[in-house]
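Shown next, in structure tokens, is the structure this report addresses.
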Amino acid sequence: MVVKSGHLICVGTGMVLAGQISALSRSYIEQADIVFALMPDGFAQLWLEDLNENVVNLQQFYARNGEAKSRRLTYEQMVNAMLAALRQGQNVMGAFYGHPGVFACVPHLAIAQAKREGFIARMEPGISAEACLWADLGIDPGQTGHQSFEATQFMFYQHTPDPACHLLLWQIAIAGEHTLKTFQTNESRLQVLVELLLQWYAGEHEVIIYEAANLPIQSPRIEKLPLSSLPQAHLTTASTLLIPPARKLAVNTQILTKLGITAADLG
């Protein structure tokens, strides 16, 4: 296949404005012919425009004024805009807050399509909300392990969490929403989620609503509450639910015996 002129690079700008982007990703933005950006707020958009004067705000494709527009169409329009510039031979940059490959389908779709058409396309990582979560909460997920699910997927499919490790449920503010036309759930859907989780956790088990800071002057949101109170909690599109372990790790004595190790050896 002949490699066409122009390339597509999707980078992550991190969660905190200007402070969590890698030097490499910043240089890509500065040198691009055109930058397609999906930033969390106007401050981040203005900062990006200081790095490159040719920035297209992808927020324009979202539904406006109560319009019932599917996010599938929105994402398709974003991808088409990026690919149109790429087909003109431009060096195209996609700048996405957080990590461009984590709960962000547009970079994946754009890169896949660009490669199918013979263009060079790749992704550079960024600091994600999950990376910020572990730092802000002072948790090392390696101590017990962790599981991570999109909240609606967790509800719709037969996942089985391990109560001995941390459980992350992403996009909790749209839990149970399947139309892709709104960014909010409701109390009844959250109650269904709670009832599902009660198979493994007690209603009084303490959970955490987490939201990473976007500005250096901000503090992260860390709100602790009983699992049973989740349906009444205030949630935003930035909210993530962390459910800490509800029990201790169980020793696998059969494996320890095969390895010649005792439980006492584990400390």
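The values are calculated or read from the model by the stated rules, or taken from the named source; none is laboratory data. Being a predicted model, the structure only gives us computed values, none of them experimental. In this analysis, Cβ positions are derived from the backbone assuming ideal geometry, glycine residues included, and neighbour counts consider all displayed protein chains. Note: accessible area is taken over every heavy atom of the protein model, side chains too, but ligands, DNA and RNA are not part of it. Shrake-Rupley method; radii C 1.70, N 1.55, O 1.52, S 1.80 Å.
Quick check: is even one residue across region 253-264 on the phi > 0 side of the Ramachandran plot, modelled with pLDDT under 95, open to solvent by 20 Å² or more (accessible area, probe 1.4 Å) and not aliphatic (A, V, I, L, M)? Before the answer, list the steps.
So the first thing to find is which residues in region 253-264 are on the phi > 0 side of the Ramachandran plot, and the list is 260.
Remaining after also requiring modelled with pLDDT under 95: 260.
With the extra rule that they be open to solvent by 20 Å² or more (accessible area, probe 1.4 Å), the set shrinks to 260.
Keeping just the survivors that are not aliphatic (A, V, I, L, M) gives 260.
Yes, region 253-264 contains a residue that is on the phi > 0 side of the Ramachandran plot, modelled with pLDDT under 95, open to solvent by 20 Å² or more (accessible area, probe 1.4 Å) and not aliphatic (A, V, I, L, M).
Pull up region 154-191, narrow it to residues that are farther than 30 Å from ASP140 by Cα and not in a loop (DSSP other than H, G, I, E, B), then point me to the one that is most open to solvent (accessible area, probe 1.4 Å).
So the residue we want is GLU187.
Hey, among LEU198, LEU230, which residue is touching a residue at least 12 places away in the same chain (Cβ under 8 Å), crowded, with 18+ Cβ neighbours inside 10 Å and more than 20 Å from the chain's Cα centre (by Cα)?
Testing whether each residue is touching a residue at least 12 places away in the same chain (Cβ under 8 Å), crowded, with 18+ Cβ neighbours inside 10 Å and more than 20 Å from the chain's Cα centre (by Cα) leaves just LEU230.
Output the number of residues of region 31-51 satisfying the condition of being assigned to a helix (DSSP H, G or I) and in contact (Cβ under 8 Å) with a residue 60 or more places away in the chain.
Result for region 31-51: 3.
Which one is modelled with the lowest pLDDT, of the residues in region 167-206 that are at negative phi and polar (S, T, N, Q)?
So, considering only residues that are at negative phi and polar (S, T, N, Q), the one modelled with the lowest pLDDT is THR182.
Please give the strands (runs of 3 or more DSSP E) falling wholly within region 52-144 in which 2 or more residues are open to solvent by less than 60 Å² (accessible area, probe 1.4 Å), of a type outside the set (Ser, Thr, Tyr) and in contact (Cβ under 8 Å) with a residue 60 or more places away in the chain.
By residue number, 92-96, 120-124.
Would you confirm, using the coordinates I've provided, whether TYR210 is touching an Asp or Glu at 6+ places or on another chain (Cβ under 9 Å) and surrounded by 12 or more Cβ atoms within 10 Å (Cβ to Cβ)?
yes
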